[in-house]
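Undergrad: Structure in structure tokens, see below.
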Amino acid sequence: MSKEIIVGTAHSKGPGVTKGVLRVGDAPDGSPLNAPVIIVQGEKDGPVVWLHGCVHGNEYSGTYIIHGLVRELDTTRLSGTVVALPVLNVSAFRSKQRMSPYEGYNGGDLNRQFPGDAGGTLTQQMAYELFEPLKRYADVLIDFHTALTPDVRWALFPRVDGEAGALSEKVARAFGYRDTLPAPDNILAGSAMMTAAKAGIASFIVECGGKNRSFTDESVADAVGRLHNVLRALGMEEGEVSPQEPMNYFSNFEWVTATEGGLFQRSVGCGDTVEEGSVIGQYYDVFGNPRAQARSPKAGIVLAIHPGPVMATGETLIHIGLEPKAA
């Protein structure tokens with residue numbers, strides 16, 4: 001049975017590909033800030049999977065992953081619908097930065113502003129315009145992000161009760177990144193993932209690669225393949241669900257900022273296991289002399305680490321997944 005889905009000017013009434021835009025705000029010159037929308041509806045009924053990228057404007061890896069999947073979808077063999085918004089934070093995307101240049105106050109992180117406010121700041125209004133159709137149509141949300149370096153590769157799903165929690169974990173296992181956080185519901189307040197989960201929508205965050213062009217074509221292709229596996233697990237594409245590598249669940253994460261500065265050379269990569277006190281990098285001064293070692297303050301798995309080559313105090317040094325256990 002065909003399903004009518006309307007997201008902005010994209011109006012899908014049956015099988016096929018529909019494109020349009022969702023107006024999420026206005027620029028200072030009065031021109032609209034339009035997020036692109038692609039609706040791919042299959043010939044058979046099934047779930048609605050909502051994909052979005054560039055919640056943070058310079059996290060372009062997700063845009064490429066979404067484009068890669070959409071190009072490979074076959075509507076004659078698809079059960080259900082994929083709604084794809086490859087670029088959410090349009091003004092930040094255009095300016096190649098994390099948050100909108102038009103957001104001067106009250107916190108411009110779009111991924112802390114859901115479900116939004118129609119009368120709030122620009123970022124709150126964007127979140128409102130995006131979340132209204134998402135909660136109306138989506139059965140599953142998959143949200144794409146990046147960190148700092150090309151080797152970033154981990155994921156999160158909400159640890160919530162009921163069907164939304166169970167389906168979120170099913171999606172996480174079908175996608176199959178080894179290092180995954182079953183996120184407790186007291187973290188990431190205002191994120192699209194957690195807000196959707198509390199509204200009864202299964203949700204999942206992919207962290208793949210680094211900001212700007214710090215990601216590889218291979219990691220994009222790998223993520224696209226994993227998305228097809230998710231669609232098979234949801235019964236939206238034909239074929240067997242491919243078994244994935246054994247997974248580590250960790251209990252939480254911790255961001256650590258630098259208390260030193262200088263030319264920085266990291267000595268660990270994403271996915272490495274570190275102990276408390278492990279050397280994770282070396283600082284040098286501008287004369288080339290070693291000045292300090294960077295050490296991990298906690299044990300766990302490296303989720304992200306500063307790429308160098310230079311670092312000031314207060315910058316993100318390392319992001320650690322705590323207490324990893326086989327799941």
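Every number here is computed from the coordinates shown, using simple stated rules; none is lab data. As the structure is a computational prediction, the values presented were derived from the model and not from experiment. Here the Cβ positions follow ideal geometry from the backbone for every residue, glycine too, while neighbour counts run over all protein chains shown.
Undergrad: What is the fewest-to-most order of D151, D117 by other Cβ atoms lying within 10 Å of their Cβ?
TA: Fewest-to-most ranking of D151, D117: D117, D151.
Undergrad: Could you compute Rg(Cα) / (2.2 N^0.38 Å) for the range 250-326, with N its residue count?
TA: 1.07
Undergrad: Which net charge results for the neighbourhood of K13, defined as the other residues with beta-carbon distances under 12 angstrom from its beta-carbon, given Lys and Arg at +1 and Asp and Glu at -1?
TA: Surrounding charge for K13 is 0.
Undergrad: Under a 10 Å cutoff between Cα atoms, tell me which one of M193, M247, M126 has the largest fluctuation in the Gaussian network model of the chain.
TA: M247
Undergrad: Test of understanding: in a Gaussian network model of the chain with alpha carbons linked when under 10 Å, which of L51, L181, L33 would top the mean-square fluctuation ranking?
TA: Result for the chain, Cα springs under 10 Å: L33 fluctuates most.
Undergrad: Moving to a separate point now. Roughly how large, in nm² to one decimal, is the mean projection of the convex hull of the alpha-carbon atoms in the range 238-281?
TA: Mean projected area of the Cα convex hull: 5.8 nm².
Undergrad: Sticking with this one: Anyone know which of T123, T81, T18 comes out most mobile in the 10 Å Cα GNM of the chain?
TA: In the Gaussian network model the winner is T18.
Undergrad: Okay, next question. Between the range 122-170 and the range 13-41, what's the alpha-carbon centroid distance in Å?
TA: 19 Å
Undergrad: Let me ask you something else. Would you mind pulling out the separation of the Cα centroids of the range 44-65 and the range 277-327, in Å?
TA: If we compute the Cα centre of each part, the gap is 30 Å.
Undergrad: For the range 5-233, what is the number of Lys pairs with C-alpha distance below 19 angstrom, counting only pairs 8 or more positions apart or on separate chains?
TA: Summing the qualifying lysine pairs gives 5.
Undergrad: Continuing with this model, one more query. Which percent, nearest 5, of DSSP beta bridges in the chain are antiparallel?
TA: So the antiparallel bridges in the chain amount to around 65 percent.
Undergrad: Shifting gears a bit: Can you give me the relative contact order of the chain as a percent, contacts being Cα pairs under 8 Å and 6 or more apart?
TA: So the answer I get is 15 percent.
Undergrad: Then there's this: What is the angle, in °, between the Cα long axis of helix 162-175 and the longest principal axis of the Cα atoms in the chain? Nearest 10 is fine, range 0 to 90.
TA: Here the helix axis deviates by roughly 70 degrees.
Undergrad: Once label points are set 7 Å from the Cα along Cα→Cβ at both H67 and V279, what is their separation, rounded to one decimal in nm?
TA: So the label points at H67 and V279 sit 4.2 nm apart.
Undergrad: Tilt of helix 217-233 relative to the longest C-alpha principal axis of the chain, in degrees (0 to 90, nearest 10)?
TA: Taking Cα atoms only, the helix is inclined about 50 degrees.
Undergrad: For a distance above 25 Å, tell me the whole-number percent of Cα pairs in the chain that qualify.
TA: Across the chain, Cα pairs with separations above 25 Å total 51 percent.
Undergrad: Can you give me the relative contact order of the range 250-326 as a percent, contacts being Cα pairs under 8 Å and 6 or more apart?
TA: Reported relative contact order: 43 percent.
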